[in-house]
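Structure first, commentary second.
Nothing in this text is a laboratory measurement; each read-out follows from the coordinates by a stated rule. None of these values were measured; they are calculated from a predicted model. With ideal geometry, Cβ positions are generated from the backbone for all residues, glycine too; neighbour counts draw on all protein chains shown.
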Amino acid sequence: MTRRTKGQKDYMERLRDPRWQRVRLRVLERAEWKCEGCGTGEVNLQIHHGWYERGLMPWEYPDEALYCLCDDCHERAESLRADAYKTLGRIPPWFHTHATVLLHDLHLLLAAGATQQDLDDLRVQRTG
Ligand SMILES: [Zn+2]
């Protein structure tokens with residue numbers, strides 16, 4: 001038997017809440033029951049929280065915070081978010097405003113339709 005902390009048990013209990021089930025269904029429908037990461041359909045799909053805020057229930061997040069992902073993409077997303085968080089932690093707090101501006105610029109590029117290839121090209125240009 002896997003031991004779980006009280007916090008994990010509470011979280012799993014919240015995921016059974018009808019309010020979460022409703023939000024979950026809305027995100028699955030938005031994604032047309034396919035992984036928004038790799039496009040696969042015929043698999044177990046999970047809803048990924050792009051971020052967490054203290055005190056918010058799982059169903060209280062805006063749709064832009066929620067992603068429909070397959071197990072593999074969900075695991076990768078969790079790992080990459082943890083890496084991003086650690087990277088931010090290596091930047092002194094007095095530079096976090098600058099980090100936020102850079103991330104906001106990235107968000108704008110993505111919102112304007114930038115592809116993975118566009119971003120890879122930018123990275124090559126910057127690292128030469
Ligand atoms: Zn996937």
Number of the condition not met by residue 67 [criteria: (1) among the aromatic types (Phe, Trp, Tyr); (2) surrounded by 12 or more Cβ atoms within 10 Å (Cβ to Cβ); (3) more than 13 Å from the chain's Cα centre (by Cα)]: (3)
Some residue of segment 73-80 being away from the ligand (no atom under 16 Å from the Cβ) and in a helix (DSSP H, G or I): no
Residue within segment 40-55 that is of a type in the set (A, V, I, L, M), surrounded by 12 or more Cβ atoms within 10 Å (Cβ to Cβ) and outside any loop (DSSP other than H, G, I, E, B) present: yes
Selection from segment 1-29 of residues that are basic (Lys, Arg), surrounded by fewer than 12 Cβ atoms within 10 Å (Cβ to Cβ) and over 14 Å from residue 63 (Cα atoms): 3, 4, 6, 9, 16
Answer residue from segment 19-67, given it is within 13 Å of the ligand (Cβ to nearest atom) and of a type in the set (D, E, K, R) and is farthest from residue 115 (Cα to Cα) among those: 42
Inter-residue pairs, beta-carbon under 8 Å, first over 16 Å from residue 77 (Cβ atoms) and in segment 26-41, second part of a helix (DSSP H, G or I) and more than 8 Å from the ligand (Cβ to nearest atom), 6+ apart: 26/63; 30/63
Among (1) loosely packed, with under 12 Cβ neighbours inside 10 Å; (2) farther than 18 Å from residue 61 by Cα, the one test that residue 35 misses: (1)
